[in-house]
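The next block holds one structure in the form of structure tokens; read it before the comments.
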Amino acid sequence: MSQKVTFVIFGGTGDLTKRKLVPAFASLLHDKVLCDESLIIGIARGDFTNETYRDLLIKAARNEDERKLIEKVNIQFYRKDSTQPGALHDLKSMIECGEGCPHNRIFYLATGYNLFPAITKNLHEADLIQKSSKIVFEKPFGKDLHSAEALEAAIHQHFTEDMIYRIDHYLGKETVQNLNVLKFTNPFLESLLSNKHIKSVEVIADEDLGVGSRLGYYTSAGAVKDMIQSHLLQVLALFLMDKPESLDPKHIHDAKVSVLKSLQAASSEKHIFGQYESLSSELKMAGMESCSIETFARVVCHSALQKWSGVDLVMQTGKMLDKKYGKIVVHFKKIGDDFAHSLHGIQENKMVIDIHPTENIQLFFNTRKRFSKDEIEQVKFDFCGDCVFGPNTTDGYKRLISDILKGDHTLFTREDELKESWRIVDDIENIRDQVKLVTYKDGSNPDVIR
Ligand code: BG6
């Protein structure tokens, strides 16, 4: 049955709202997950009327189909600095508009984390929080463990954990959701996933674009806090975790927490941090000082779990590289017995699970070259996701918003996961200060930086 929802977006004129949230909402409306009376209220300080705000969102559509969907959405604008005392009092009358009005409320904070305490306090003081209300926080949730703990304390004054959704859009990506199925329904694979056979696991999210219009945020965050603290650690935890007791969110979160708790950053010589060449001119043009923030990071962790002990757990991400590519690469140990030594050209087995732009899975293995006795060639099994399931154009937000509507916390980060990932990132940040930052050419292949 479709739901009637008021979706209140703080940061209503931001990029995320325009490019991801409103299109996802429009698509859910189209699919009848939401009913026609559902409403978006965008909140920001900008000078917009309901009409000009609507136009802004429609103009931001990425294609004609999306534009048509957004045109059908019921959209209103509330002009306010939502952190000022009493700022949200008038919002009540917009939300409680009488009979037929949506009663499910989702407050979506697509703002900087420093605004979270004031906004949640204002929501409380304006008497807008009901038992069934849900609140969504965009990343980053803090800047280190200490600030994340302070935020948690402030937010928990007004919201209980079951009302809170800490969103990480990587968990909404199709391949990431497939990881548990892949591991736990294919015994031939599951039995290989341990330090007995695996040398290293890499989780990679390379990007071809630069920092763009987010210089202010990015220069205070950097690649480690922007991508590793959330997306890459989450994907790594999912990949390494043991089979949960069930699909119950609690069991899945517990399994991930066990992995996160076991992770420690490796010693400093294992890590690489870099900055793309043109960042300094971008900063100059924006009237900002040059800075030593990393736009590329390749960090290594180790796990204290017996099963993964000694395996290099690598997370790599960077901006302004040669291409956008997200993947998990599992490197198996190379065999070095007498039999292997009598052959030529043996390579390590490798499994590559693409996260985007494709959803392919490839297994690289050795085979004998035709007509040869001891010459080996590496070949691959190649599963093409798009060929089997058709192209996938979603980016995770639609799926995650629909889970919020259902009250399903599985694909969201629990408080203890968040704290563990900040603990790991704080360690990495300390190490970063001891490692020389390398400058790389725009469009570099990451292997060159390594
Ligand atoms: C965001 C980061 O969370 O993820 C961005 O803040 C990054 O810096 C983006 O570009 C990458 O997401 P995706 O889905 O395009 O890989």
- Message: Taking a cut-off of 18 Å, what percent of all Cα-Cα pairs in segment 43-174 are separated by more than that?
- Response: 62 percent
- With Cβ to Cβ distances under 12 Å as the rule, what net charge do the other residues near C384 carry (K, R +1; D, E -1)? -3
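Just the ratio, please: alpha-carbon radius of gyration of segment 126-283 over 2.2 N^0.38 Å, N its number of residues. Before the final figure, lay out the partial values.
Working: Rg = 18.6 Å, N = 158, 2.2 N^0.38 = 15.1 Å.
After normalising by residue count via 2.2 N^0.38 Å, the value is 1.24.
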- Message: Using a 10 Å cut-off around each Cβ, can you sort M163, M315, M351 from fewest to most neighbouring Cβ atoms?
- Response: M163, M351, M315
- Report Rg/Rh for segment 293-450, rounded to two decimals, where Rg is the Cα radius of gyration and Rh the Kirkwood radius. 1.03
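Please rank F10, F371, F116, fewest neighbouring Cβ atoms within 10 Å first, as an exposure proxy. Each step should come with its number before you reach the end.
Working: F10 28, F371 6, F116 22.
Ranked by crowding around the Cβ, least crowded first: F371, F116, F10.
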- Query: Order of F107, F339 from fewest to most other C-beta atoms within 10 Å?
  - Reply: F339, F107
- Message: I'd like the Kirkwood hydrodynamic radius of segment 376-450, using the inverse of the mean 1/r over distinct C-alpha pairs, in Å.
- Response: 18.0 Å
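So which GluC sites (Glu not before Pro) in segment 241-349 pass both tests, a DSSP loop state and at most 11 other Cβ atoms within 10 Å of the Cβ?
Values: sites: E245, E269, E277, E282, E289, E294, E348; in loops: E245, E277, E289, E294, E348.
Passing both the DSSP loop test and the Cβ count: E245, E289.
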- Query: For q = 0.10, 0.13 Å⁻¹, what log10 I(q)/I(0) does the chain give under the Debye formula with an equal point scatterer on each alpha carbon and no solvent?
  - Reply: -0.78, -1.28
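Estimate the FRET efficiency between M285 and D208 by the formula 1/(1 + (r/R0)^6), using the beta-carbon distance for r and 22 Å for R0, to the nearest 0.05.
Working: r = 20 Å, r/R0 = 0.92.
Computed FRET efficiency for M285 and D208: 0.60.
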- Item | Helix-only [θ]222 nm of the chain, DSSP H runs n ≥ 4, -39500 (n - 2.57) each, per residue, nearest 500 | -9000 deg cm²/dmol
- Net charge near G396, counting Lys/Arg +1 and Asp/Glu -1 over other residues with Cβ under 11 Å of its Cβ? 0
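What's the local net charge at N430, with K and R +1, D and E -1, over the other residues with C-beta under 12 Å away?
My count for the surroundings of N430 gives -3.
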- Message: Over the chain, with a Gaussian network built from C-alpha contacts below 10 Å, which listed residue (Q275, Q177, Q229) shows the highest mean-square fluctuation?
- Response: Q177
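Readers should treat all values here as calculations from the given coordinates under stated rules, not as data from a laboratory. If you're wondering where the values come from, they're calculated on a predicted model, not measured in any experiment. Here Cβ is always computed from backbone atoms with ideal geometry, including for glycine, and neighbour counts include all displayed protein chains.
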